[in-house]
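A short write-up of the structure that comes next.
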Amino acid sequence: MHELSLAESVIEIIEKAAQTQQFSCVRVIWLEVGSMAGVEPDALRFCFDAVARDTVAQGARLEIVEVPGAGTCYDCGNIHPVRRFPDACPACGAYAVHVSGGAGMRVKELDVV
């Protein structure tokens with residue numbers, strides 16, 4: 001389950017931010033997760049709650065914002081939504097599509113005290 005290591009990485013980012021920006025408690029975390037990132041939101045929430053114990057993020061609400069997938073066709077350059085890989089380009093039908101969006105995860109915003 002890679003969601004555990006992802007949750008641990010989110011906590012590391014928050015702990016570093018707490019040190020540099022001098023806050024002591026996080027109330028809400030907005031996390032952008034790409035639909036093509038292979039992350040199961042419920043599993044991530046479960047893991048986050050477990051690893052947040054005894055940190056500045058303990059008890060924080062995790063808001064997951066899904067970022068839709070996007071693909072760029074190598075053949076015609078069309079940029080289009082992608083729900084799964086491989087999806088054919090809707091403009092030319094080619095399968096030479098590069099996932100150009102919605103494959104990552106990032107901490108977008110924190111509500112802190």
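With both labels modelled 7 Å from their Cα along Cα-to-Cβ, the D111 to Q21 distance reads 1.4 nm.
In the chain, Cα pairs under 8 Å separated by at least six residues give a relative contact order of 36 percent. With Cα atoms defining each centre, the range 1-31 and the range 92-113 are spaced 19 Å apart in the structure. Label zone (D42, point 7 Å along Cα-to-C-beta; backbone nitrogen cut-off 20 Å) within the range 64-79: 64-67.
Between L4 and R61, the contour length at 0.36 nm per residue exceeds the Cα-Cα span by 18.8 nm. The structure-derived value of mean projected area of the Cα convex hull in nm² appears in the list [x] 7.2; [y] 8.4; [z] 7.6 under the label [z].
Rolling a 1.4 angstrom probe over the chain with all protein chains present gives an accessible area of which 51% lies on carbon and sulfur atoms. Ordered from largest to smallest accessible area (heavy atoms of protein chains, 1.4 Å probe), the residues H98, H80 come out as H98, H80. Out of all DSSP beta bridges in the chain, what portion is antiparallel? Express it as a percent rounded to 5. Roughly 70 percent of the beta bridges in the chain run antiparallel, per DSSP.
Between A96 and I13, full extension at 0.36 nm per residue minus the direct alpha carbon distance yields a gain of 26.4 nm.
The values are calculated or read from the model by the stated rules, or taken from the named source; none is laboratory data. As the structure is a computational prediction, the values presented were derived from the model and not from experiment. In this analysis, Cβ positions are derived from the backbone assuming ideal geometry, glycine residues included, and neighbour counts consider all displayed protein chains. Ligands, DNA and RNA are excluded from the accessible area calculation, which covers all protein heavy atoms including side chains. Shrake-Rupley method; radii C 1.70, N 1.55, O 1.52, S 1.80 Å.
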